[in-house]
Amino acid sequence: MNFQKTLFVLSAAALVSFLTLESCKHKATEVPILNTSADNDSTLKCDSDSVYFENEILPLIISSCAYAGCHDAVSRQDGVVLDSYRNIKNTGEITPGDPGESKLYKVITSSDPDKMMPPPPNAKLSSDQIALISKWIQQGAKNNKCNECDTTNVSYSVQVTSIMNNCVSCHNASSPSGNIRLDNYTNVKTQVDNGKLI
């Protein structure tokens, strides 16, 4: 008799659980996806008078500032992370339309060794790179990009060297970080050929 009571109680509990689970149905709530890239028309042709964040500014800032030990997401020096549009705009304290009021612009143009970025002994941004960041801020610091890519007018001595100048303070003959040298064409080509430089 005790076994029958236990079996009855367990069966009743299972039936109540089943009915409760079956009767409790919720419709999945669709969470709207916010479009944070309203200026990001990937079909947009490049305009030589415009500065494009994804094409020009982001690669420049990542290669000059957002690396290990500085302003990447892990190191976060002084709470500044410069690895995405949102982070550059917020922690770089960008004031759209006004480079002089933008913290990022102030530190890249500073001559005070305690404030200048990139900090010594790293290579300072070139005047062309600083002018590009200034123009981007003046144009409203938009999160934009264009789809055009002119590969016919690219040369190592102009485009690639200007990027590599931001790397040679760590990757040169006297201190080849990671045993990688990027101080001349031959060394850069070697790294490209072996897949270490993407």
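Just so you know, all these numbers are worked out from the coordinates, no wet-lab data involved. Not measured: the values here are computed from a predicted model. Methodologically, a virtual Cβ is constructed for each residue, glycine included, from the backbone with ideal geometry; neighbour enumeration extends over all protein chains shown.
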- Roughly what would the spin-label model give for Val158 and Thr190, points 7 Å off Cα along C-beta, in nm? 2.8 nm
- Arrange Arg181, Arg76 by Cβ neighbour counts within 10 Å, fewest through most, would you? Arg76, Arg181
- Item | 5 angstrom amide H check on Val81, placed H, neighbours 5+ away | Thr91
- Item | Length added when fully stretched, Ile180-Arg76, from 0.36 nm per residue minus Cα-Cα | 35.0 nm
- Linear extension gain, Ala123 paired with Ser84, 0.36 nm per residue minus alpha-carbon span: 11.9 nm
- Query: Put +1 on the Cβ of each Lys and Arg and -1 on the Cβ of each Asp and Glu in segment 48-149; which of Gln77, Pro119, Gln139 then has its Cα farthest toward the positive end of the dipole?
  - Reply: Gln77
- For each pair in Lys142/Lys189; Lys103/Lys196; Lys89/Lys124; Lys103/Lys145, compute the distance between the two Cα atoms and list the pairs where it is over 31 Å. Lys142/Lys189; Lys103/Lys196
- Query: What nm value, rounded to one decimal, do you get for the distance between Gln139 and Ser63 when each label is placed 7 Å out toward the C-beta?
  - Reply: 1.8 nm
